[in-house]
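Reading through the structure tokens given below for one structure.
The values are calculated or read from the model by the stated rules, or taken from the named source; none is laboratory data. Computed from a predicted model, the values in this text were never measured in an experiment. All Cβ positions, even for glycine, are placed from backbone atoms using ideal geometry, and neighbour counts span all protein chains on display. Accessible surface is based on the protein model in full, side chains and every heavy atom, while ligands, DNA and RNA are left aside. Shrake-Rupley method; radii C 1.70, N 1.55, O 1.52, S 1.80 Å.
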Amino acid sequence: MQTTISKLAASLASLPTHFKLASGDLIPSIALGLYQSPPNEAVDAIKVALKTGYRHFDTAWVYGNEAALGKAIRESDVPRSEIWVTTKLWNTFHAPADVEPIFNESLKNLGLDYVDLYLMHWPVAHKRGAYGRTDQELSENPYPTWQAMERLVESGKAKNIGVCNFNIRRLEKLMSHPLKVRPAINQVEMHFWNPQPEIVTWGQANDVVIQAWGPLSGSVGRHWLDKALNAPEIKETAEELGMTPGQVIISWHIQRGTVVLPKSVTPSRIIENFQVARLPDAAFERIEQAASAHPRVRLFDPSHSWGLDVFEEGTYQKR
Ligand SMILES: NC(=O)c1ccc[n+]([C@@H]2O[C@H](COP(=O)([O-])OP(=O)(O)OC[C@H]3O[C@@H](n4cnc5c(N)ncnc54)[C@H](OP(=O)(O)O)[C@@H]3O)[C@@H](O)[C@H]2O)c1
């Protein structure tokens, strides 16, 4: 194992460690995802990650572990200025007057005076006090919410802002407004079963960096994750290169030009997932083609329960 790690470490430099955002800021290409990380386990996981070299953490108000992230950062010896912190605006707070107060609550939870990135968690506005009742108008036109987020950038409390789970139509519509701050990021479900090359290409053409959530296909249990780790294209590439299947998948994401957010609370996996390497072109192409060849599977689509067609992709196969 030691040989494998050193072999990989030797080629680490050949995958980008950062991507450049429209603001000019450099975002680390790999983050520790924190969805479904219980706060008590998250603190230790983040400390292991910081020791391993991770400098990017992806949380959200709704994950309930912002305070754990802040605590782990404070208890580490890594300066705040070297760490990239992302958190997200939950659906119930899209009314413009609600944005700054809930953002301040996130800052308080984190114990920080700024975040590096603040994301609109979904293109869906829920009416206050009525979870699940969707405000169709504000969801279809989130520009007023975006303007409230722009004011956070103006105040210096959010260095960058962006969105999650936007399809191209929704993003183009938002960007057709006279924005003061462009969306730096679109964070979307993206993995071997749902590779969305059209969003990757669109992001590159429009200077919006794409982040892959659920990159191991592990958001909804182990079924699709195990299937991905055992897919012949992944498994054989891993065997050929002396990598693990997880490392191959995470490397593939970065090589596509997307920021990757693997989640783990298991120390050995946190360390494993950070050992990425550039795949030979033939292996990369093989995985890229295999990912696009099978019917696409979307692991999480809340359209039905939220009463709004979030992705507008009738041709996709739901899981
Ligand atoms: N914006 C959004 O709407 C949205 C939605 C979902 C997720 N996200 C973000 O994206 C991050 C990642 O997504 P995700 O957590 O849903 O899914 P994921 O990273 O694809 O999968 C996480 C699962 O994979 C397991 N795992 C991690 N590394 C592994 C490895 N090397 N080999 C085998 N299993 C491994 C983890 O187990 P252990 O923890 O037990 O090790 C966990 O069960 C989230 O944490 C969150 O930050 C954003």
Worksheet item: Taking the condition closer than 26 Å to residue 52 by Cα and surrounded by 15 or more Cβ atoms within 10 Å (Cβ to Cβ), does residue 234 pass?
Response: yes
Worksheet item: Between residues in region 290-311 that are more than 16 Å from the ligand (Cβ to nearest atom) and residues that are part of a helix (DSSP H, G or I), which pairs lie under 7 Å by C-beta distance while being six or more apart or on different chains?
Response: 290/233; 292/197; 309/303
Fill in: Selected residue [open to solvent by less than 50 Å² (accessible area, probe 1.4 Å), in contact with a helix residue (DSSP H, G or I) (Cβ under 6 Å, 6 or more places away or on another chain) and within 12 Å of the ligand (Cβ to nearest atom)] from 276, 259
276
Discussion item. Going by what's in this entry, would residue 148 be described as open to solvent by less than 10 Å² (accessible area, probe 1.4 Å), aliphatic (A, V, I, L, M) and in contact with a Phe, Trp or Tyr (Cβ under 8 Å, 6 or more places away or on another chain)?
Written reply: no
Item to complete: For residue 182, state whether it is among the basic types (Lys, Arg), under 20 Å from the mean Cα position of the chain (by Cα) and open to solvent by less than 60 Å² (accessible area, probe 1.4 Å).
Response: no
Worksheet item: Residues of region 114-145 being without any contact (Cβ under 8 Å) to a residue 40 or more places away in the chain and buried (at least 23 other Cβ atoms within 10 Å of the Cβ), which ones?
Response: 125
Worksheet item: Which of (1) in contact (Cβ under 8 Å) with a residue 60 or more places away in the chain; (2) part of a helix (DSSP H, G or I); (3) near the ligand (Cβ under 8 Å from one of its atoms); (4) open to solvent by 10 Å² or more (accessible area, probe 1.4 Å) is the odd one out, the single condition residue 269 does not satisfy?
Response: (1)
Worksheet item: Which one is farthest from residue 46 (Cα to Cα) among residues in region 211-256 that are away from the ligand (no atom under 12 Å from the Cβ) and among the β-branched types (Val, Ile, Thr)?
Response: 237
Response to the item:
Checked region 203-222 for anything open to solvent by less than 30 Å² (accessible area, probe 1.4 Å) and modelled with pLDDT of 95 or more; matches are 203, 208, 209, 210, 211, 212, 214, 215, 216, 217
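Taking residue 189, is it among the acidic types (Asp, Glu) and more than 20 Å from residue 28 (Cα to Cα)?
no
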Worksheet item: Are any residues in region 29-41 near the ligand (Cβ under 10 Å from one of its atoms) and open to solvent by less than 30 Å² (accessible area, probe 1.4 Å), and if so, which ones?
Response: 31, 32, 33, 34, 37
